[in-house]
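For reference, the structure discussed in these notes is given below.
The values are calculated or read from the model by the stated rules, or taken from the named source; none is laboratory data. In this text, all values refer to a predicted model and were calculated from it rather than measured experimentally. Glycine also receives a Cβ, built like all others from the backbone with ideal geometry; neighbour counts cover every protein chain displayed. The accessibility values were calculated without ligands, DNA or RNA, using every heavy atom of the protein model including side chains. Shrake-Rupley method; radii C 1.70, N 1.55, O 1.52, S 1.80 Å.
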Amino acid sequence: MPRTPLTRAALDEQRSVLGLPPYAGADEPDELRRSALETALAAYDAGAAPARPILRGAVRHLLDRLAELAPGRSVEVRVPPYAAVQCIDGPHHTRGTPPNVVEMDADTWIVLATGRLTWDEAMKAGRVRASGPRADLSAHLPVPPS
């Protein structure tokens, strides 16, 4: 499936559908991604599905924020097909599959990282796949806004 970039036009299209004003921020990637998160949450609140570029931007924003607040390389958090980051201080891997991996879909990551779903709820519902002794993100969630 072709990758659709996050652009002002993509944001404005999704925001228009949701009855939100057009994006008024800078065309900087971090600003676009922050707005993508706000737009994705508005879509969820309206019972709509965010568009792929909006999901990609929101996921990237929250993963980058997690890596910023919990720096390290002991856990890899994957949200395919959008992004992955290494985070949390501790022993890290250098080659092959890391020993501590957390993986989930984009919708789960967004609601988990914003506190709309707890780690325990996500694990009990089978929405998160976590392997390895350090693959528990509960101490790092929700991700505080930037």
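For P(r) over Cα pairs in 5 Å bins from 0, in percent, several values are listed as (1) 2, 9, 17, 19, 18, 14, 11, 8, 3, 0; (2) 2, 10, 20, 21, 19, 13, 9, 4, 2, 0; (3) 2, 10, 20, 24, 21, 13, 6, 2, 1, 0; flag the one computed from this structure. Correct label is (2).
Coupling constants for region 134-142 follow from the phi torsions by the Karplus curve (6.51 cos²θ - 1.76 cosθ + 1.60, θ = phi - 60°), and in residue order they are 10, 8, 10, 8, 4, 6, 10, 10, x Hz; glycine and proline get x. Cut-off 15 Å, label point 7 angstrom out along Cα-to-Cβ of Ser146: give me the residues of region 9-44 whose amide nitrogen falls inside. The answer is 25-39. Relative contact order, whole percent, for region 24-71 stands at 38, derived from Cα pairs under 8 Å and 6 or more residues apart.
Note on the chain: with neighbouring protein chains present and a 1.4 Å probe, carbon and sulfur make up 52 percent of its accessible heavy-atom surface. A 1.4 Å probe run over the chain, with the rest of the protein chains in place, finds 53 Å² accessible per residue. Here the Karplus relation 6.51 cos²θ - 1.76 cosθ + 1.60, evaluated at θ = phi - 60°, turns the backbone of region 12-18 into coupling constants of 4, 4, 5, 5, 4, 4, 8 Hz, with x for every Gly and Pro. Entry note, the chain: relative contact order of 17 percent, from Cα contacts under 8 Å with a spacing of 6+ residues.
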